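What follows is a single structure, written as structure tokens, with notes after it.
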Amino acid sequence: MLVDAVAEQNQLAGVGLGLRWEFLDDVLDRDQPIDVAFFEVSPENYMRRGGYYPEALERLGESYRFVTHGLTLSLGAVDPPAADYLDELQREVRRLNSPWHSDHLCLSTAGSLVLHELLPLKLCEATAQRCADRLRAIQDRLGVPMAFENISWYAHPGAQELSEADFISLVLERSGCGLLLDVNNVYVNSLNHGFDAAHFIAQLPLDRVMQLHIAGHFTRDDGLVIDTHGARVIDPVLKLLTSTVESTGPVPVLLERDNNIPPLPDLLAELNVVRRAYDAGLAASRGRP
């Protein structure tokens, strides 16, 4: 399925924006489409929902491409996702004509309880195998390629048997799925856990990257860096994006802004800043042997 996604990657290459209800009407009311490569949609916000928002999403789909990115598959959980949830997810992914679906490499459920948190997994071979098996099963069920996202995390559960980069690489190898590489998450983790972000990214199989994420974060008074998606992307993260794109080439990039969402013109101005960093990476990529 990853081979089938390559053509879609080329079509969507550029900088997209996470769709939020705060500016949905502003986009729909415009006479001309805004300059975004695509909108990323969390299908859980629209599944089993009637009324205005699903209808508005269909109207938006007349002018823009969608890529779906989930929140609740809980890829590292012991219990698999509920069958009825997967059925609803499949219908929504197909309705939005998403070329692939992604979710987080994390734990976000306990049995039937949804935790509303993206919790880190134990970095060991057994967990990697469980995640890989889960990804393959979900990919078969949804009928589109699957990708998983590396998360920001603040403490590791128990003894760490693998490095995070080796863990991600092992899940990729055994699942055959793609990687949604969140550059900001790598940067946040590098500050909190004391490693070099660029070196971490260089350890990953970057030919498996299907999409990139970039966002802003917040630093507390005690120095802990929190991944909030509620601020502008800072220069070091933009530079990390540029160097990453130099290695990956033209893959889709998504600007996430989930909190403290500014007016749409300000958000589009930030998207242009991200686009310049992305274009710089593409230019460097074309100059490589």
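The values are calculated or read from the model by the stated rules, or taken from the named source; none is laboratory data. For clarity, every value in this text was computed on a predicted model and none was experimentally measured. We place every Cβ from the backbone using ideal geometry, glycine too, and count neighbours over all the protein chains shown.
Can you tell me which of Pro54, Pro99, Pro80, Pro33 is under 15 Å from the mean Cα position of the chain (by Cα) and over 24 Å from Asn189 (Cβ atoms)? It is Pro99. Taking the numbered list (1) farther than 22 Å from Tyr278 by Cβ; (2) surrounded by 13 or more Cβ atoms within 10 Å (Cβ to Cβ); (3) over 18 Å from the mean Cα position of the chain (by Cα) in turn, Trp21 passes all entries but (2). Only one entry of Leu191, Leu267, Leu206 meets the criterion of being buried (at least 18 other Cβ atoms within 10 Å of the Cβ) and in contact (Cβ under 8 Å) with a residue 12 or more places away in the chain, and that entry is Leu267.
Those residues that are hydrophobic (A, V, I, L, M, F, W, C) and either more than 23 Å from Arg20 (Cα to Cα) or surrounded by fewer than 16 Cβ atoms within 10 Å (Cβ to Cβ) (or both), I need them from segment 244-264; list them, please. Selection gives Val245 alone.
Does segment 251-287 hold any residues that are in a loop (DSSP other than H, G, I, E, B) and in contact with a helix residue (DSSP H, G or I) (Cβ under 7 Å, 6 or more places away or on another chain), and which are they? Val251, Arg257, Ile261 - these are the residues of segment 251-287 that are in a loop (DSSP other than H, G, I, E, B) and in contact with a helix residue (DSSP H, G or I) (Cβ under 7 Å, 6 or more places away or on another chain). When Asp221 is tested against (1) over 28 Å from Phe167 (Cβ atoms); (2) outside any helix (DSSP H, G or I); (3) within 19 Å of the chain's Cα centre (by Cα), just one condition goes unmet, and that condition is (3). Leu57 meets the conditions (1) crowded, with 16+ Cβ neighbours inside 10 Å; (2) modelled with pLDDT of 95 or more in every case but one. The failed one is (2). Assess whether Asn150 counts as being under 20 Å from the mean Cα position of the chain (by Cα) and under 19 Å from Val188 (Cα atoms). Judged against the criteria, Asn150 is a match. Scanning segment 85-121 for residues that are out of contact with any Ser or Thr (no Cβ under 6 Å at 6 or more places or on another chain), closer than 21 Å to Arg208 by Cβ and part of a strand (DSSP E or B) yields a count of 3.
The residues listed here are Ser163, Ser243; of these, the one that is hydroxyl-bearing (Ser, Thr, Tyr), in contact with a Gly (Cβ under 9 Å, 6 or more places away or on another chain) and at pLDDT 95 or above is Ser243.
Could you list, in sequence order, the residues of segment 34-78 that are part of a strand (DSSP E or B) and aromatic (Phe, Trp, Tyr)? Of everything in segment 34-78, those that are part of a strand (DSSP E or B) and aromatic (Phe, Trp, Tyr) turn out to be Phe39, Phe66. Can you give me the number of residues within segment 134-184 that are buried (at least 18 other Cβ atoms within 10 Å of the Cβ) and outside any strand (DSSP E or B)? Residues that pass the stated criteria total 23.
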